[in-house]
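**Student:** Once you've had a glance at the structure underneath, I'll fire off some questions.
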Amino acid sequence: MAAVRAAIHHGLRTRVRRPFVLGICGAQGSGKTTLARHIVRSCEAEGIAAATLSLDDLYLTRKQREELAVSVHPLLRTRGVPGTHDTELGLRLLASMERGEAVVLPRFDKAADDRLPESAWNVVPAGCELLVLEGWCVGARPQEAVELSVPINALERREDPDGAWRRHVNDALAGDYQRLFARIDCLVLLAAPGFEAVFDWRMQQEAELRNRSAPDAPGLMNADGIARFIQHYERLTRHILAEMPARADITVRLDMGRGVVALEGNTNIR
């Protein structure tokens, strides 16, 4: 994508701090990972040392989320929302990369619903020039407290009637996530045509995951499981689609087939 490449080259020319961090935000199944891989391959072909870190790979372990489910709220057992990532790890990794050090980036196995052992993590050599940070809520900002009062779907009505879970998620997003996202030099939003697209896109992802996983993998879901799963993401996804286009450096409007229908914003680097 020409606009993204232009932003990267501009940033690499003008920014002293390394790595240059390109943030990619988008709903589940919007193509973030595919775009990130394409960018890294293109940069490496030009001799630019590049790496990608998915926010998904910073998920807390299953054991850690089980502990949160007991100590804070049962809905935190499910990976995804702010409060279920190891943001401290993300900040430490970025600090190491800024010092020019080699790092080992974590990996999360969605089929197993758990973090892979460190022996399976990705090594990024010293001197990384570009880091692509991608994830469904990368760059997101918290909602106002008043916006949390009314449940947005059946999951919130039935399983979070007093709003404790959504307040915890919002408070988490207002904390270390903002420190992590503040390090983004250029923010790209892959804007779904609406939350309605997410179920179909996530079902496609699940089919791909199932094809490369053991049939009894604990993280696999059927259609009903997917429908419930994405309700954990609905509130913040709708919030992102409403407020982020006005401040993203580049907004890529997608249709239901993930085709690009419009390109908004500019390549000015903050």
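The values are calculated or read from the model by the stated rules, or taken from the named source; none is laboratory data. Because the structure is predicted, anything quoted here is derived from the model rather than measured. Note that each Cβ is placed from the backbone with ideal geometry, even for glycine, and that neighbours are counted across all protein chains shown.
**Student:** Consider residue 129 carefully, then state whether it is free of Cβ contacts under 8 Å to residues at least 40 places away in the same chain and more than 22 Å from residue 28 (Cβ to Cβ). Before the answer, list the steps.
**Tutor:** On the way: free of Cβ contacts under 8 Å to residues at least 40 places away in the same chain: no; more than 22 Å from residue 28 (Cβ to Cβ): yes.
The answer is no for residue 129.
**Student:** Also, I was wondering about something else. If I ask for residues that are charged (D, E, K, R) and over 13 Å from residue 219 (Cα atoms), which ones from the range 108-128 would you list?
**Tutor:** Within the range 108-128, just 118 meets the criteria.
**Student:** Got a number for residues in the range 113-140 being surrounded by fewer than 19 Cβ atoms within 10 Å (Cβ to Cβ) and out of contact with any helix residue (DSSP H, G or I) (no Cβ under 7 Å at 6 or more places or on another chain)?
**Tutor:** Selection size over the range 113-140: 11.
**Student:** How many residues, within the range 13-56, are in contact with a strand residue (DSSP E or B) (Cβ under 8 Å, 6 or more places away or on another chain), in a loop (DSSP other than H, G, I, E, B) and within 17 Å of residue 92 (Cα to Cα)? Don't jump to the end; show me each part of the working.
**Tutor:** First, pick out the residues of the range 13-56 that are in contact with a strand residue (DSSP E or B) (Cβ under 8 Å, 6 or more places away or on another chain): 19-27, 30-33, 35-37, 39-40, 43-44, 48-56.
Of the ones still in play, those that are also in a loop (DSSP other than H, G, I, E, B) are 19, 27, 30-31, 48-49.
Pick out the ones that are also within 17 Å of residue 92 (Cα to Cα) and you get 19.
Residues flagged as in contact with a strand residue (DSSP E or B) (Cβ under 8 Å, 6 or more places away or on another chain), in a loop (DSSP other than H, G, I, E, B) and within 17 Å of residue 92 (Cα to Cα) within the range 13-56 amount to 1.
**Student:** Return only the number of the condition from (1) surrounded by 15 or more Cβ atoms within 10 Å (Cβ to Cβ); (2) without any contact (Cβ under 8 Å) to a residue 12 or more places away in the chain that residue 45 does not satisfy.
**Tutor:** (1) is the only condition that residue 45 fails.
**Student:** Output the qualifying pairs, or none if there are none: Cβ atoms under 8 angstrom, residues six or more apart or on different chains, first residue in the range 8-29 and at positive phi and buried (at least 18 other Cβ atoms within 10 Å of the Cβ), second residue of a type in the set (Phe, Trp, Tyr) and assigned to a helix (DSSP H, G or I).
**Tutor:** 29/201
**Student:** Let me ask something additional. Any idea which of (1) in a strand (DSSP E or B); (2) under 18 Å from the mean Cα position of the chain (by Cα) is the one residue 123 doesn't satisfy?
**Tutor:** Residue 123 satisfies every listed condition except (2).
**Student:** Follow-up. Do you know which of the residues in the range 221-248 that are of a type in the set (S, T, N, Q) and at pLDDT 95 or above is nearest to residue 177 (Cα to Cα)? Spell out the reasoning first.
**Tutor:** Applying the first criterion (of a type in the set (S, T, N, Q)) to the range 221-248 yields 222, 231, 237.
Keeping just the survivors that are at pLDDT 95 or above gives 231, 237.
Working: 231: 21, 237: 16 Å.
Per the criteria, the residue is 237.
**Student:** Residue by residue through the range 1-12, note down the ones that are part of a helix (DSSP H, G or I) and closer than 25 Å to residue 140 by Cβ. Working first, answer last.
**Tutor:** Within the range 1-12, the subset part of a helix (DSSP H, G or I) is 2-12.
If the condition is that a residue be part of a helix (DSSP H, G or I) and closer than 25 Å to residue 140 by Cβ, then 3, 4, 5, 6, 7, 8, 10, 11 are the ones that fit.
**Student:** Also, quick follow-up: So which residues in the range 158-187 are within 21 Å of residue 24 (Cβ to Cβ) and in contact with a Ser or Thr (Cβ under 7 Å, 6 or more places away or on another chain), if there are any at all?
**Tutor:** Residues satisfying the conditions are 176, 177, 180.
**Student:** Looking at the range 207-219, is at least one residue surrounded by 18 or more Cβ atoms within 10 Å (Cβ to Cβ) and either touching a residue at least 40 places away in the same chain (Cβ under 8 Å) or under 19 Å from the mean Cα position of the chain (by Cα) (or both)?
**Tutor:** So in the range 207-219, the residues surrounded by 18 or more Cβ atoms within 10 Å (Cβ to Cβ) come out as none.
Looking for residues that are surrounded by 18 or more Cβ atoms within 10 Å (Cβ to Cβ) and either touching a residue at least 40 places away in the same chain (Cβ under 8 Å) or under 19 Å from the mean Cα position of the chain (by Cα) (or both), one finds none in the range 207-219, hence no.
For every residue, the table says whether it meets (1) in a helix (DSSP H, G or I); (2) more than 22 Å from the chain's Cα centre (by Cα); (3) over 18 Å from residue 54 (Cβ atoms).
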{"site": "157", "(1), (2), (3)": "yes, yes, yes"}
{"site": "162", "(1), (2), (3)": "no, yes, yes"}
{"site": "167", "(1), (2), (3)": "yes, no, yes"}
{"site": "170", "(1), (2), (3)": "yes, no, yes"}
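**Student:** Next question, about the same structure. Going by what's in this entry, would residue 83 be described as under 25 Å from residue 202 (Cβ atoms) and touching a residue at least 12 places away in the same chain (Cβ under 8 Å)? Quick ask: steps written out before the conclusion?
**Tutor:** Working: under 25 Å from residue 202 (Cβ atoms): yes; touching a residue at least 12 places away in the same chain (Cβ under 8 Å): yes.
So residue 83 fits the description; yes.
**Student:** Would you check which residues across the range 233-249 are of a type in the set (D, E, K, R), over 15 Å from residue 197 (Cα atoms) and crowded, with 19+ Cβ neighbours inside 10 Å and list them? Give the derivation first.
**Tutor:** Within the range 233-249, the first condition is being of a type in the set (D, E, K, R), and the residues that meet it are 234-235, 238, 243, 247, 249.
With over 15 Å from residue 197 (Cα atoms) added as a condition, the list becomes 243, 247, 249.
If the condition is that a residue be of a type in the set (D, E, K, R), over 15 Å from residue 197 (Cα atoms) and crowded, with 19+ Cβ neighbours inside 10 Å, then 249 is the only one that fits.
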